[in-house]
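Q: One structure coming up, written as structure tokens, with questions to follow.
The values are calculated or read from the model by the stated rules, or taken from the named source; none is laboratory data. As the structure is a prediction and not an experimental result, all values here were calculated from the model. All Cβ positions, glycine included, derive from the backbone under ideal geometry; neighbour counts span all protein chains shown.
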Amino acid sequence: MINALSTALEKEVEERSGEKPRLCYQCGKCSTGCLFNFAMDILPHQVMKLVQYGQRERLLGSHTIWICASCETCTARCPNDIDVARVMDTLRAMALEGGVAPAERNIPIFHRCFLGNIQATGRISEPVLMGAYKTLSGDLFSDIGLAVRMLKKGKIKLIPSVVRGSREVRRIFREAKE
Amino acid sequence: MKTYSYYPGCSQLSSAEEYGESALRVSEKLGFRLETLPDWNCCGASSAHMTNHLLALSLPGRDLAKARERGGDLVVVCAACYHNLKKAQAEILEDPSVAARVERIVGADPRFEGRIVHLLDVVAEEVGLEALKEKVVRPLEGLKPVSYYGCLMVRPRGMIENDDPDNPRLMDDLLSAMGAEVKKWSYKTDCCGGSLSLTRTDVVVKLVNRIFEAAEEADANCIVVACPMCLANLEMRQSEGRLAFRLEHDLPVFFFTELMALALGMEGPEEWFAKHLVDPRPLLYAKGLA
């Protein structure tokens, strides 16, 4: 239930994303076209409304912000030119910075491993990424059959490709902390 | 020989090696060269822009600075890299304060003003479909593909070079020019599930199966892609396997460059086809194409 209104969230989202969720007139095109709507707890047009209503906890603690895969179908179809996917990006970043416990435990772990891999070597190495993710998520046993098939097909390169300018890459990570 | 700067992208060095190799070889055969951007780094993929916007500008920013140094246009084959580089470039060129910030972070000027183009566009522009038709030595007769662009090639709206973001046709036309009987369907730009592959496999399995069912319904006998993530999800995520690896559909998935190499009568495709998890060779043998 919404029993208090606050514009603080709307202002913060606007400032960070450059997008104006208040322009949303609830036509619902984003939600009907969303390929991930079946796995969401709050639909994209409801996200726009809840931003207007300042429902910070509900949004930052939602499954939706992590289930959104950023395919940008919503953005492409919004009749009022709101970059809905960009708003989702902003909400995710805010959830991480605010230390909100994510409703989808493993997805932020995956992003952390992915970025950790880039920070270390400048490029993604699939076995390094998988190893880190499996260890941190504790999801050790899925995809064993797949991994065996991929190894047999020569699809997994065990020696990672490394960027020579690794100091430059590490500097980017250091300096881009918002 | 006309030379372009080339951004390979991480997948093309590993799980989608056949895409990277076929892209380089086909380009050379068609009379232009792709010269790898020196010491390029990962574009940051979904994980960067989903968690830190400045990082999503700065990782591509380092690559754009290198492309700027080289001059000319930059060719990309991965739809996700293409999308990320293009978005970062647009924001950097549009907003001087963003450009200045990225420049400070990267330590080099990221204002790359050349074009960032997908290899599909380059083929259409450099060679042209009519001229390509004349180069075909082994028409792809018997292949009934649907072209699957995935989501990121055609978004954001207005960024794609030569094609319609709602109903892209370039790949259809390319495949038709090589003698394939392209099937129509309405799933061309649907998302495959992207980076949720490891974390919410159940969601990706659902999307992937829907794509295969739609392709079968369209009477296609294969799917053609221009993105390594699309191919990986289509081949890997037909079911949620633990110990076993099960395939629910037998439609092979090709990179468009592999079929180009085949149609142009080049050496190499056999080796690339052997790497696919859904083996395309039975279909090709049946149609007398391999």
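Q: Can you say whether A:Thr75 is outside any loop (DSSP other than H, G, I, E, B), within 19 Å of the chain's Cα centre (by Cα), of a type in the set (Val, Ile, Thr) and at the interface with chain B (Cβ under 7 Å from one of its Cβ atoms), as far as the supplied structure shows? Don't jump to the end; show me each part of the working.
A: Values: outside any loop (DSSP other than H, G, I, E, B): yes; within 19 Å of the chain's Cα centre (by Cα): yes; of a type in the set (Val, Ile, Thr): yes; at the interface with chain B (Cβ under 7 Å from one of its Cβ atoms): yes.
So A:Thr75 fits the description; yes.
Q: Picking from B:Glu130, B:Glu141, which residue would you name as being in the same structural domain as B:Ala220 (by TED's automatic domain parsing) and either in contact with a strand residue (DSSP E or B) (Cβ under 8 Å, 6 or more places away or on another chain) or modelled with pLDDT of 95 or more (or both)?
A: Working: B:Glu130 fails: in the same structural domain as B:Ala220 (by TED's automatic domain parsing).
None of the others qualify; the one that does is B:Glu141.
Q: Moving to a separate point now. Name the residue, out of A:Leu96, A:Leu115, that is out of contact with any Lys or Arg (no Cβ under 6 Å at 6 or more places or on another chain), at the interface with chain B (Cβ under 8 Å from one of its Cβ atoms), assigned to a helix (DSSP H, G or I) and farther than 20 Å from B:Asn84 by Cα. Break it down into steps so the answer makes sense when it comes.
A: Working: A:Leu115 fails: farther than 20 Å from B:Asn84 by Cα.
It is A:Leu96.
Q: State whether the residues of the range B:60-68 include one that is over 20 Å from B:Cys151 (Cβ atoms) and more than 14 Å from chain A (Cβ to nearest Cβ).
A: Narrowing the range B:60-68 to residues over 20 Å from B:Cys151 (Cβ atoms): B:61-68.
Add one more test, that the residue is more than 14 Å from chain A (Cβ to nearest Cβ), and what stays is B:67-68.
Checked against the condition, which is being over 20 Å from B:Cys151 (Cβ atoms) and more than 14 Å from chain A (Cβ to nearest Cβ), the range B:60-68 yields at least one hit.
Q: Related question: Quick test of your reading of the structure: A:Cys27 fulfils all but one of (1) within 19 Å of the chain's Cα centre (by Cα); (2) away from chain B (no Cβ under 14 Å); (3) surrounded by fewer than 20 Cβ atoms within 10 Å (Cβ to Cβ); (4) outside any helix (DSSP H, G or I). Name the failing condition by number.
A: Checking A:Cys27 against (1) within 19 Å of the chain's Cα centre (by Cα); (2) away from chain B (no Cβ under 14 Å); (3) surrounded by fewer than 20 Cβ atoms within 10 Å (Cβ to Cβ); (4) outside any helix (DSSP H, G or I), the one that fails is (1).
Q: Same structure again: I'd like the full set of residues that are surrounded by fewer than 16 Cβ atoms within 10 Å (Cβ to Cβ) and β-branched (Val, Ile, Thr), limited to the range A:2-24.
A: A:Ile2, A:Thr7 - these are the residues of the range A:2-24 that are surrounded by fewer than 16 Cβ atoms within 10 Å (Cβ to Cβ) and β-branched (Val, Ile, Thr).
Q: Turning to a different aspect of this structure: Restricting to the range B:268-287, name every residue that is modelled with pLDDT under 95, surrounded by fewer than 18 Cβ atoms within 10 Å (Cβ to Cβ) and within 24 Å of B:Leu129 (Cβ to Cβ).
A: B:Gly268
Q: Here's another thing I want to ask about it. Determine if the range B:235-257 includes at least one residue that is within 11 Å of another protein chain (Cβ to nearest Cβ), out of contact with any helix residue (DSSP H, G or I) (no Cβ under 7 Å at 6 or more places or on another chain), under 28 Å from A:Trp66 (Cβ atoms) and buried (at least 20 other Cβ atoms within 10 Å of the Cβ). Outline the logic, then answer.
A: Filtering the range B:235-257 for residues within 11 Å of another protein chain (Cβ to nearest Cβ) gives B:235-247.
Checking which are out of contact with any helix residue (DSSP H, G or I) (no Cβ under 7 Å at 6 or more places or on another chain) leaves us with B:235, B:246-247.
Narrowing the set further to residues that are under 28 Å from A:Trp66 (Cβ atoms) leaves B:235, B:246.
Next, only the ones that are buried (at least 20 other Cβ atoms within 10 Å of the Cβ) stay: B:235.
Yes.
Q: Starting from residues that are more than 7 Å from chain B (Cβ to nearest Cβ) and in a loop (DSSP other than H, G, I, E, B), keep the ones in the range A:129-155 and report whichever is surrounded by the most Cβ atoms within 10 Å (Cβ to Cβ).
A: Ranking the candidates gives A:Asp139 first.
Q: If you don't mind, there's one more thing I want to ask. I'd like the residue in the range A:160-178 that is modelled with pLDDT of 90 or more and part of a loop (DSSP other than H, G, I, E, B) and, out of all such residues, is farthest from B:Val98 (Cα to Cα).
A: At the first step, the residues of the range A:160-178 found to be modelled with pLDDT of 90 or more are A:160-176.
Subset that is part of a loop (DSSP other than H, G, I, E, B): A:160-165, A:176.
Numbers: A:Pro160: 32, A:Ser161: 30, A:Val162: 28, A:Val163: 25, A:Arg164: 26, A:Gly165: 23, A:Ala176: 12 Å.
Among those residues, the one meeting the criterion is A:Pro160.
Q: Now for a separate question. State all residues of the range A:157-178 that are surrounded by fewer than 16 Cβ atoms within 10 Å (Cβ to Cβ) and not polar (S, T, N, Q); if no residue qualifies, say none.
A: Correct list: A:Lys157, A:Leu158, A:Ile159, A:Val162, A:Arg164, A:Arg167, A:Arg170, A:Arg174, A:Lys177, A:Glu178.
Q: Which condition number in (1) within 19 Å of the chain's Cα centre (by Cα); (2) in a helix (DSSP H, G or I); (3) within 20 Å of B:Pro252 (Cβ to Cβ) is the one that B:Glu216 fails?
A: Result: B:Glu216 passes all but (1).
Q: What number of residues within the range B:99-116 are more than 9 Å from chain A (Cβ to nearest Cβ) and in a loop (DSSP other than H, G, I, E, B)?
A: The qualifying residues number 7.
Q: Suppose the filter is under 30 Å from B:Asp250 (Cβ atoms), among the hydroxyl-bearing types (Ser, Thr, Tyr), free of Cβ contacts under 8 Å to residues at least 60 places away in the same chain and more than 14 Å from every other protein chain (Cβ to nearest Cβ); does B:Ser186 pass it? Outline the logic, then answer.
A: Details: under 30 Å from B:Asp250 (Cβ atoms): yes; among the hydroxyl-bearing types (Ser, Thr, Tyr): yes; free of Cβ contacts under 8 Å to residues at least 60 places away in the same chain: yes; more than 14 Å from every other protein chain (Cβ to nearest Cβ): no.
Taking the combined requirement at face value, the residue does not satisfy it.
Q: Test B:Pro156 against the criterion of being out of contact with any Phe, Trp or Tyr (no Cβ under 9 Å at 6 or more places or on another chain), in contact (Cβ under 8 Å) with a residue 12 or more places away in the chain and surrounded by fewer than 24 Cβ atoms within 10 Å (Cβ to Cβ), and give yes or no.
A: Working: out of contact with any Phe, Trp or Tyr (no Cβ under 9 Å at 6 or more places or on another chain): yes; in contact (Cβ under 8 Å) with a residue 12 or more places away in the chain: yes; surrounded by fewer than 24 Cβ atoms within 10 Å (Cβ to Cβ): yes.
Yes: the conditions hold for B:Pro156.
Q: Would you check if there is a residue in the range B:64-75 being in a strand (DSSP E or B), out of contact with any Cys (no Cβ under 7 Å at 6 or more places or on another chain) and not assigned by TED's automatic domain parsing to the domain that holds B:Phe255? Before you say what the answer is, go through the steps one by one.
A: First, pick out the residues of the range B:64-75 that are in a strand (DSSP E or B): B:74-75.
From what's left, out of contact with any Cys (no Cβ under 7 Å at 6 or more places or on another chain): B:74-75.
Checking which are not assigned by TED's automatic domain parsing to the domain that holds B:Phe255 leaves us with B:74-75.
Yes, that holds for at least one residue.
Q: Show the residue pairs that are 6+ apart or on different chains and have beta-carbon atoms under 9 Å apart, the first residue being within the range B:19-36 and at positive phi, the second being outside any helix (DSSP H, G or I) and surrounded by fewer than 20 Cβ atoms within 10 Å (Cβ to Cβ).
A: B:Gly31/B:Met1; B:Gly31/B:Lys2
Q: Can you go through B:Glu217, B:Glu240, B:Glu213 and tell me which one is farther than 27 Å from B:Lys184 by Cβ and either charged (D, E, K, R) or touching a Gly at 6+ places or on another chain (Cβ under 8 Å) (or both)? So that I can check it myself, show each step before the final result.
A: On the way: B:Glu217 fails: farther than 27 Å from B:Lys184 by Cβ; B:Glu213 fails: farther than 27 Å from B:Lys184 by Cβ.
The conditions single out B:Glu240.
Q: Quick test for you: out of A:Ile124, A:Ile107, pick the one residue that is closer than 14 Å to B:Ser197 by Cβ and without any contact (Cβ under 8 Å) to a residue 40 or more places away in the chain. Please lay out each step first, then the result.
A: On the way: A:Ile107 fails: without any contact (Cβ under 8 Å) to a residue 40 or more places away in the chain.
Result of the check over A:Ile124, A:Ile107: A:Ile124.
Q: Return the pair list, or none, for Cβ contacts closer than 7 Å from residues in the range B:255-279 that are at positive phi to residues that are among the small types (Gly, Ala, Ser) and surrounded by 18 or more Cβ atoms within 10 Å (Cβ to Cβ), at least 6 apart or on different chains.
A: B:Gly268/B:Ser22; B:Gly268/B:Ala261
Q: A follow-up question, please. Please verify whether B:Thr3 is surrounded by fewer than 20 Cβ atoms within 10 Å (Cβ to Cβ), modelled with pLDDT of 95 or more and closer than 16 Å to A:Arg123 by Cβ, treating the condition exactly as stated.
A: On the way: surrounded by fewer than 20 Cβ atoms within 10 Å (Cβ to Cβ): yes; modelled with pLDDT of 95 or more: yes; closer than 16 Å to A:Arg123 by Cβ: no.
No, not satisfied.
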